[in-house]
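The values are calculated or read from the model by the stated rules, or taken from the named source; none is laboratory data. A quick note: this is a predicted structure, and the numbers were derived from the prediction, not measured. Cβ: placed from backbone, ideal geometry, glycine included. Neighbour counts: every protein chain shown. With ligands, DNA and RNA removed, areas are computed over all heavy atoms of the protein, side chains included. Shrake-Rupley method; radii C 1.70, N 1.55, O 1.52, S 1.80 Å.
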Amino acid sequence: MKQTKRVAIIGMGIAGSAVLEAYAKESKRRPDLPLHLACYDESRSWGRGLAYLKDAPEVLLNTRAETVAYDYEQRGHYATWLKETKGLEEAYTSRGLFGEYLNYFTKQTAADLNATIIPEKVQSLTYLPDRQQWLINSETLPYDHIHLCTGLDTMADPYNLQGQAHYIHTPYPLQTSLSHIPADQTIGILGTNLTAIDIAKVALKQLTPRKIWLASRHGNLPVADVEQLASLPIQVLTFERLREIREENQGVLPFEALDALIEEEFRCQAVYFPIYRQERLLPGWEALAVSLENPARVARAELLAMYITRLLNTNWAYMTRSDQSTFWKKYHRTLDLTRSKIPLASVTALLEGKESGVLDIMGGLTDVAPASDEGGFLLKSNNNNQSLKVDYLINGIGLSNNPHEANDPLIQQLLADSLIASHPFGGIIINSQNGQIISPIYGSLPTAQAHGSIIEGSIYQANATYIIQERAHHFVRKSLAHS
Ligand SMILES: Cc1cc2nc3c(=O)[nH]c(=O)nc-3n(C[C@H](O)[C@H](O)[C@H](O)COP(=O)(O)OP(=O)(O)OC[C@H]3O[C@@H](n4cnc5c(N)ncnc54)[C@H](O)[C@@H]3O)c2cc1C
């Protein structure tokens with residue numbers, strides 16, 4: 001009889017939930033597989049993760065309801081659940097509601113698998129190299145396999161403001177973090193991405209500010225989500241063509257070949273990339289206005305951007321670091337601003353804020369510092385040497401993807417013990433074929449895999465829900481292949 005395999009899932013956000021779901025699927029295919037699963041995370045985020053905690057209803061998912069689900073193979077499941085259990089047919093729901101849904105189905109999967117829910121965080125991991133097993137905290141019974149799904153929990157702090165009075169470093173949940181700001185204040189929000197837009201929207205609704213400034217280095221806003229397309233027939237940029245190019249180049253995917261195919265595919269979809277890129281990178285309100293004028297073009301570009309992301313999930317590892325950098329410089333920002341569309345309700349709120357004179361954008365941000373005597377902060381921009389004073393400042397930049405900046409004691413211990421290493425594009429280094437963590441001391445660790453946003457440097461843009469889920473299933477299948 002086979003020995004029971006003891007498996008620990010550390011972190012139960014989207015990635016941990018996807019690993020659990022993958023075990024459920026594989027157990028159905030192979031009922032002979034004796035498994036004991038334990039799922040670690042603190043209760044408030046167990047089965048939700050950071051992005052889907054309870055929060056104000058205005059804090060929206062940036063993906064439409066029909067495109068996210070607890071299981072990537074059941075497209076439309078969340079939209080159906082919303083309709084059947086909540087009577088809702090909205091395209092964009094709150095992130096908290098998606099968290100409620102995710103939590104419900106993750107708990108159900110845990111119950112089906114007889115998995116143990118351990119409502120606490122893992123503080124330390126000890127590797128037993130002779131047996132390739134793992135000890136968690138001070139437990140004495142080792143695990144045969146671990147899945148590291150902790151994400152990276154620390155908000156970026158590029159201006160070293162953490163701890164300053166009137167500075168909100170960790171804005172989520174917004175409902176509570178913004179409630180301390182009095183009326184009639186000038187508020188600065190660092191960032192112009194979806195996190196910053198969320199904050200602006202809730203601040204406009206819940207507070208009575210004198211002025212709100214969204215401030216960032218580039219001042220770029222994502223596109224408006226006006227029109228959606230169900231599918232896009234791909235003409236030249238196929239998985240098959242990239243495989244052929246790799247074969248012709250001894251397993252390497254050269255940037256030049258990829259670049260030519262991407263530009264050609266954009267042309268086939270009636271989008272001229274150099275102009276499209278220029279439009280996306282327009283500062284301030286201009287890019288949003290252009291996207292509102294060309295919804296059909298944006299819809300085609302969105303599907304293409306999502307397709308390129310999927311294509312690169314599997315092809316990224318075949319590019320040299322220098323080609324990855326070249327790709328990043330030319331395409332990443334444009335694709336990112338296209339993929340993360342602003343829901344129309346948020347666009348309306350932003351434009352109302354602009355028209356009332358309360359909301360504005362500051363691009364070219366070069367420095368932020370506490371204002372010396374009178375309190376508040378000074379924001380400096382290289383656009384006409386503009387300088388602004390704000391009373392309150394909120395961090396909307398998003399999470400730092402540098403593990404060395406993580407607050408999580410577990411990540412710090414794993415770095416200190418050289419069990420994990422940071423990746424130059426963010427997150428930690430893994431083998432992108434099988435998800436195994438690569439330790440600077442032991443090399444590829446056959447009994448430790450990592451998933452989700454913590455591997456976004458190794459797997460291009462591994463931070464979107466369906467990509468995290470699909471990859472997690474693939475990696476779990478690989479790990480069970482020899483069991
Ligand atoms: C604010 C925000 C909004 C987003 N909105 C969207 C969206 O609308 N649509 C979309 O597709 N994507 C969205 N994303 C991107 C994506 O869904 C997230 O990046 C994704 O949730 C990452 O999942 P994860 O499981 O890797 O990490 P997380 O969601 O961060 O989950 C990690 C979990 O691990 C736990 N953990 C951490 N350390 C330990 C430890 N030592 N022991 C045990 N547990 C631990 C944490 O408590 C947490 O629950 C958003 C991301 C953010 C940050």
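See the values below:
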item	result
Some residue of the stretch 128-135 being assigned by TED's automatic domain parsing to the domain that holds residue 436, closer than 25 Å to residue 49 by Cβ and of a type outside the set (A, V, I, L, M)	yes
Filter result for residue 245 (at pLDDT 95 or above, part of a loop (DSSP other than H, G, I, E, B), out of contact with any strand residue (DSSP E or B) (no Cβ under 6 Å at 6 or more places or on another chain) and surrounded by 14 or more Cβ atoms within 10 Å (Cβ to Cβ))	no
Failed item in (1) open to solvent by 40 Å² or more (accessible area, probe 1.4 Å); (2) more than 18 Å from residue 45 (Cβ to Cβ); (3) of a type outside the set (Val, Ile, Thr), with residue 113 passing the rest	(1)
Residues located in the stretch 90-120, provided they are closer than 25 Å to residue 62 by Cβ and assigned to a strand (DSSP E or B)	94
Lone qualifier among 201, 205 - being open to solvent by less than 40 Å² (accessible area, probe 1.4 Å), among the basic types (Lys, Arg) and outside any strand (DSSP E or B)	201
Residue identified as on the phi > 0 side of the Ramachandran plot and touching a helix residue (DSSP H, G or I) at 6+ places or on another chain (Cβ under 9 Å) among 163, 151, 96, 87	151
All positions within the stretch 283-299 that are crowded, with 18+ Cβ neighbours inside 10 Å and either over 27 Å from residue 237 (Cα atoms) or among the acidic types (Asp, Glu) (or both)	284, 288
The stretch 449-458, residues that are within 9 Å of the ligand (Cβ to nearest atom), open to solvent by less than 10 Å² (accessible area, probe 1.4 Å) and out of contact with any Cys (no Cβ under 8 Å at 6 or more places or on another chain)	455
Residue satisfying condition, being modelled with pLDDT under 95, within 16 Å of the ligand (Cβ to nearest atom), part of a loop (DSSP other than H, G, I, E, B) and polar (S, T, N, Q), within set 433, 461	461
